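Read-outs throughout are calculated quantities, based only on the coordinates presented, and are distinct from any laboratory measurement. Please read all numbers here as calculations on a predicted model, not as lab measurements. No Cβ is skipped: glycine too gets one built from the backbone with ideal geometry, and neighbour counts run over all protein chains shown.
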Amino acid sequence: MANPSSLAASLSPEASPDLVKRAELSEIDASTKAPAIFLLGSSVLWLLLGTVFALIASFKMHSPNFLGDYEWLTFGRIRTAHLNAVVYGWSVNASFAVAIWLMARLARGVLRHTGLLFTATVFWNLGVTIGIAGILLGDSTSIEWLEFPPYATPLLFVAYALIGAWAIITFRFGKSNHIYVSQWYILAALFWFPWLYSVAQIMMIFSPARGTVQSLVNWWFAHNVLGLWFTPIGLAAVYYFLPKVLGKPIHSYYLSVLGFWSLAIFYNWAGVHHLIGGPVPVWVQSAGIAASFMMVVPVVVTAINHHMTMVGSFGALKTSPTLRFIVFGAVSYTLASLQGSSMALRSWNEVTHFTHYTVGHSHLGMYAFFTMVMFGAIYYILPRILLKEWPSAPLISVHFWTTAVGVIFYVVAISVGGLKQGFEMNNADIPFIETVKNTIIYLELRSYAGVLMTVGHIAFAVNFTWMLAKRRKAGATAPTLFRTGPEIELEASAR
Amino acid sequence: MNRAPLIFLGIFFALAFSWTGIVLVNQISYGDLTPVYDENDGIAYPQALPGIAQQGRLVYQDLGCVYCHTQQVRRPGFGADIERGWGERQSVARDYIREPRVFLGSMRTGPDLRNVGTRYVDTPTSKAGSEWHHRHLYDPQITSPGSNMPPFKFLYETRKIVGEPSVNAITHLLPEQYQPEAGYEVVPTKRAESLVAYLLSLKDTYAYPETNNVYVEPAPEETKAAGQKEESK
Amino acid sequence: MSQQPPENKQSMEQAGASDESIQKVHSILLREKPEPSEGYKPMPLFLLGFISTMIFICSIYLVHYRGGFDPLVYDERFDPAKAAGAGGPVELTPEQIVAMGKKLYNTCATCHQPNGQGLPGVYPPLAGSEWVLENDQRLIRVLLDGLNGPIEVKGNTYNGAMPAFGAAGYKWNDEKIAAVLTYIRQEWGNAAEPITAAHVKEIREVDNRTKPWTAEELAAFE
């Protein structure tokens, strides 16, 4: 500990232990700069591209002749391109950046050899680009969540291995001797993902299993990408930023432990609920349903833990952009998970399975929870890496309100339409074509919601680019907040 | 730091648990299902798809049909799959063992296609099945007004008639507003032909031993009692 | 934990490199609140009860719907241990026959439409059609063997191909053909006599035909 303190002493004559820690953090942040900026920049680009794909697909659902003469834009391809662009482009890039930054800070380890890490992130984006081009050109595998053609995957795998190894090395050689709850989630996610991905690649593409064993592998993978990669990364971010912005400890360590391990045990069995009523052994379906229902436990535990941390500090939501996005995401996580558990129950699944209701659910999870949490994290991380403030508070405000209102509008519209579709589909007296026609109005409403969310994404991208381009100001700067309140972060320095 | 190995072990066993239970156990218990040989018919079921249908399967894959059409029939009493005429019985794992890639699907924007080959049939005397598919693929509005399925006109070629009109042309199947200008004809590409062949081949009509593994309603008076119980819930 | 002197040395060099940037590091980093820590509030007791209840319910569910843990069971209500043979064939009531016809009509609805109106100029209507309502001999023959060429229905002429549903086509049995015909004769305001399987069987045996009819040939049947 001698070195950092002398370092701090050289900066400021009245150095305190707190100041030493902050000087150390600034070094750690600086070390993550190159890969994090590249990852975040490309994630924003993929977000925009994925949004364009989404809009095209959404318009096609109610106006099938829209761009109908282009084979590469046909619904089956553009919808797939949308999913892969927002999952492997936007979400994974953003989660890499957030995971690396969180891991470096929490482990108190400076990232080293960032050149190689940087190359890995370039590889990852190259792989995603090749994969999406392949899908649009007709090389999709048509396996849900694994559509990238086989020639794109080795690149992704190498890139992933390097990035994952980096985070683990940072953890191993960091100076911290306490493992914070966010680190459990990140470590677990980093370890689980390559296992899932390699098993799925081998058993579905390189040496396919026979018959519906494929389907089991497919959903074991696809649901676990959500449950064992995006959920842990999202929760790690919530567990970090909630106490960080509020400046108080997480409510209970015991609840954190319970929430983590119950998620780890139950979530990975839940994927079979995508096959209820299908041609896979019924005992696996029942096990999947039981596990999905058991997911109520980690969700309730985590929700209590987060809520009790927030209690008494809701006023801070008025000022802090990060907090507002993170809390919106955390609440959505609870809602999406409880909804998911209910959808696994056979009697309800009979209605909701195969309908737009499922699409609403997946957007509640991947967008209202995960994407919103990532937005919040980026609003916090970027100023610390670039040492600049966000250029425009109104743009952040536009971003928050359009995406928050947009996604709520989206989920409500598509869920109502999906339920109608489900009930009508199970009534053989209604001709199938009528059930299709009756959903069109809801699909149109969904498109409007999508336009609203697009506005938010553009506001975010403008603010992001502006921030990269603007000059760094000398001297002390004030944070970009929604409004100046008594709770602003500056006060923390007085401690 | 000293608890890291413990955490790692826990993380490992958590996923190992479901990997064993969902992937390994099922691969071992039914990953080697074989076709059933029927001595009366002299055929092993499920039958392999004809070559052109195999190519059509790849067209089905690259166009992403699976994102709107399932290929699985749920059991009687669970949804209305059977009542809608999507199949005579529930789909079972053996139905799929000849398929290099299984397209169960998870979305029914359009109807289930597992037995679409029993709904549109070509017979020695009529091509009604493939004619319907060609009309429908060219533009779904022709056969199913109000549908939100995209048109697949790009699988058809409008070309000038040179000499005799092509025997494969579907021009005569199209309503007036879809007719090309005089001297031109609409001809399905190889991909359209193979996709239609694939759709015509989709049918699970054979009853395997395990298709009888279904719950049989108890005797009538018990059914009545159970029905009343359901209602009172 | 200061076993990495090279790293510290490196970072000191970095720190020394640009004094200006360190000034700004402080402006953003100094206002940050401390790194997160954990509180140690005890777990609420009700949570333990809640979790035990959940585990109990889910275990019961899994055991109840295990399907004998048999990989070839796809119906959760089926218990291989209790499985017994199913009953023999049953006589259907008229309502059941119409219901069966309605189900079978899904195949017809793709051309003749669910409302029986057909598609103008492409597929003829069934609702109010003289071919459906009037002569049952012609109707059964159309379905059994199909129909090719021009046909006049309700004053409009259609020129298409109706596939055979008998031996030369879909291979439907007499019961299915009778059921679907009975259905279309009694739906959409149609009100004609039901058609029996025996009648279908009779005509099938008399004709023993393998090619589709034309409207002209059918006119011969009174």
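Distance from the C-alpha centroid of the range B:45-87 to that of the range B:143-194: 25 Å, rounded to the whole angstrom.
Averaged across the residues of A:296-307, what count of C-beta atoms belonging to other chains lies within 10 Å of each residue's C-beta? Walk me through the intermediate numbers first.
Numbers: counts 4, 6, 0, 0, 4, 5, 0, 0, 3, 4, 0, 0.
Averaged over the peptide's residues, the number is 2.
Can you check how the C-alpha radius of gyration of the range C:94-219 compares to 2.2 N^0.38 Å, as a plain ratio?
On the way: Rg = 13.2 Å, N = 126, 2.2 N^0.38 = 13.8 Å.
Relative to the 2.2 N^0.38 Å estimate, the range C:94-219 comes out at 0.96.
For the peptides A:85-91, B:210-216, the ranking by mean Cβ contacts within 10 Å, running from highest to lowest, is A:85-91, B:210-216. Ignoring aspartates and glutamates fewer than eight residues from B:K127 along the same chain, the ones with Cα atoms less than 14 angstrom from its Cα are B:E193, C:D145.
For B:I161, the residues whose modelled amide H falls within less than 5 Å of its own, excluding neighbours fewer than 5 places apart on the same chain, are B:Y184, B:E185.
Could you work out, residue by residue across C:39-47, how many beta carbons of other chains sit within 10 Å of that residue's beta carbon, and then give the average as an integer?
Neighbouring Cβ atoms belonging to other protein chains average 6 per residue here.
Shown for the range A:27-178 is the translational diffusion coefficient from the Stokes-Einstein equation, using the Kirkwood radius over Cα pairs, a temperature of 37 °C and a viscosity of 0.692 mPa s: 200 µm²/s. Just so you know, the Cα atoms of the protein assembly as shown work out to an Rg and Dmax of 31.9, 115 Å. Between the Cα long axis of helix A:296-310 and the first principal axis of chain A there is an angle of about 30°, rounded to the nearest 10. To test your reading of the geometry: what angle, between 0 and 90 degrees and rounded to tens, separates the Cα axis of helix A:253-266 from the longest principal axis of chain A? Value to nearest ten degrees: 30. Cross-link check: pairs B:K203/C:K171; B:K203/C:K103; A:K33/A:K248; A:K318/C:K41 evaluated at a Cα-Cα cut-off of 22 Å; pairs beyond the cut-off: A:K33/A:K248; A:K318/C:K41. For an R0 of 22 angstrom, estimate the FRET efficiency from the Cβ-Cβ distance between B:I28 and C:F69 and round to the nearest 0.05. Once the sixth-power term is evaluated, E becomes 0.95.
Can you tell me the relative contact order of the range A:235-472? Whole percent, Cα pairs under 8 Å, sequence separation 6 or more. Each step should come with its number before you reach the end.
Numbers: 299 pairs, mean separation 46.9, N = 238.
Relative contact order of the range A:235-472: 20 percent.
Computed over chain A, relative contact order equals 14 percent, with contacts defined as Cα pairs under 8 Å that lie 6+ residues apart.
Counting only residues at least eight positions apart within a chain, or on another chain, the lysines with an alpha carbon under 17 Å from that of B:K153 are A:K60, B:K190.
Each residue in B:H136, A:H353 was given a count of other beta-carbon atoms within 10 angstrom of its own, and listing them fewest first yields B:H136, A:H353. Taking other C-beta atoms within 10 Å as the exposure proxy, B:E181, C:E32 rank B:E181, C:E32 from fewest upward. Relative contact order (percent) for the range A:27-178, with alpha-carbon contacts under 8 angstrom and 6 or more residues of separation? Here the relative contact order equals 31 percent. As a rough footprinting exposure proxy, the listed residues A:K388, A:K60, B:K190 were ranked by other beta carbons within 10 Å of their own, and the order from fewest upward is B:K190, A:K388, A:K60.
The shape of the range A:166-291 can be summarised by an equivalent ellipsoid whose semi-axes, obtained from the alpha carbon gyration tensor, come to 33, 18, 10 Å from longest to shortest. Coupling constants for the range A:267-282 follow from the phi torsions by the Karplus curve (6.51 cos²θ - 1.76 cosθ + 1.60, θ = phi - 60°), and in residue order they are 4, 6, 8, 6, x, 4, 5, 6, 10, 4, x, x, x, 10, x, 5 Hz; glycine and proline get x. I'd like the orientation of helix B:51-63 relative to chain B: the angle between its Cα long axis and the longest Cα principal axis, in ° from 0 to 90, rounded to 10. Tilt relative to chain B: about 80 degrees. Mean per-residue shielding of peptide B:148-155 is 6, counting Cβ atoms of other chains within 10 Å of each Cβ.
Distance distribution P(r), chain B, all Cα-Cα pairs, bin width 5 angstrom from 0: 1, 5, 10, 13, 14, 13, 10, 9, 8, 6, 4, 3, 2, 1, 1, 0, 0 percent. Cross-link reach is defined here as a Cα-Cα straight distance under 17 Å, omitting same-chain residues fewer than 8 places apart; for A:K244 the aspartates and glutamates meeting it are A:D18, A:E24, A:D29, A:E487, A:E489, A:E491, C:E32, C:E35, C:E38.
Here the sum of -39500 (n - 2.57) over DSSP H runs of 4 or more residues, divided by the residues of the protein assembly as shown, equals -18000 deg cm²/dmol at 222 nm, to the nearest 500.
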